[in-house]
Amino acid sequence: CPKGSGAEEFLLSKAYWRQSDYENARRFALKGQNKFPSQARFHVLLGMISSSSNQPDQAIQHNRTAISLDPNNVDAFHNMGLVFLHMKRPNDAMRCFLQAINIEPRPISFFWLAKACEEAGYLSSSIKNYSKFLETSKIADPVREEAVNCIETLTRSQKAL
């Protein structure tokens, strides 16, 4: 039999994760990680599973491992930023989102960078990144309305100061 690529374990794990079956998701991700230790995607997925299972420290560690295997893994940086933001560590989150944007400027990373800036009290930077999100995202993106509302609220807050 030809040697597998890890796709089966990865896709099964991700499917279980999407169904919130974190036990089976973790089982298949660990199986893939053990069979394909040089593939960062299993650590990214394990980070997602850990984050969803309310294990932020494990999520950060998995994303750091993914980055050590693949220093340009935009998903690892982005996901680690989400974990830091959830942990109320906006400065760490900003660093992660900025690194993700440096690798690949995805609209959603601008949105979450704006959230982190807002949380850290950098209102002008937050407005700038919400605006960048609106410039780069698709019109049908459901997050656009929230970004517009945040810009309006932050602009009013700045004027009140």
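The values are calculated or read from the model by the stated rules, or taken from the named source; none is laboratory data. Predicted model, so just to flag it, every value in this text is computed and none were measured. Note: ideal-geometry Cβ built from the backbone for every residue, glycine included; neighbour counts use all protein chains shown. The accessibility values were calculated without ligands, DNA or RNA, using every heavy atom of the protein model including side chains. Shrake-Rupley method; radii C 1.70, N 1.55, O 1.52, S 1.80 Å.
A few points about this structure:
- Set Ser126, Ser137, Ser157: member being out of contact with any Leu (no Cβ under 8 Å at 6 or more places or on another chain) and either surrounded by fewer than 13 Cβ atoms within 10 Å (Cβ to Cβ) or in contact (Cβ under 8 Å) with a residue 12 or more places away in the chain (or both): Ser137
- Residue within the range 99-107 that is of a type outside the set (Asp, Glu), surrounded by fewer than 19 Cβ atoms within 10 Å (Cβ to Cβ), more than 24 Å from Asp70 (Cα to Cα) and without any contact (Cβ under 8 Å) to a residue 24 or more places away in the chain present: no
- Verdict on Arg64 being of a type in the set (Lys, Arg) and closer than 22 Å to Val143 by Cβ: no
- Annotation: of all residues in the range 141-154 being acidic (Asp, Glu) and part of a helix (DSSP H, G or I), the one that is surrounded by the fewest Cβ atoms within 10 Å (Cβ to Cβ) is Glu145.
- Verdict on Lys88 being open to solvent by 60 Å² or more (accessible area, probe 1.4 Å) and farther than 22 Å from Ser50 by Cβ: no
- Number of residues in the range 115-143 that are within 18 Å of the chain's Cα centre (by Cα) and under 19 Å from Pro105 (Cβ atoms): the value is 12.
Per-residue answers, yes or no, for (1) open to solvent by 60 Å² or more (accessible area, probe 1.4 Å); (2) closer than 24 Å to Val143 by Cα:
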{"position": "Ser52", "(1), (2)": "no, yes"}
{"position": "Gln55", "(1), (2)": "yes, no"}
{"position": "Asn73", "(1), (2)": "no, yes"}
{"position": "Arg95", "(1), (2)": "yes, yes"}
{"position": "Phe111", "(1), (2)": "no, yes"}
{"position": "Glu118", "(1), (2)": "yes, yes"}
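- Flag set for Lys159, criterion: part of a helix (DSSP H, G or I) and at pLDDT below 95.
- Remark: Leu30 matches the filter, which requires a residue to be open to solvent by 40 Å² or more (accessible area, probe 1.4 Å) and either more than 12 Å from the chain's Cα centre (by Cα) or of a type outside the set (Phe, Trp, Tyr) (or both).
- Test: Asn63 is surrounded by fewer than 16 Cβ atoms within 10 Å (Cβ to Cβ) and either free of Cβ contacts under 8 Å to residues at least 40 places away in the same chain or in contact with a Ser or Thr (Cβ under 6 Å, 6 or more places away or on another chain) (or both): no
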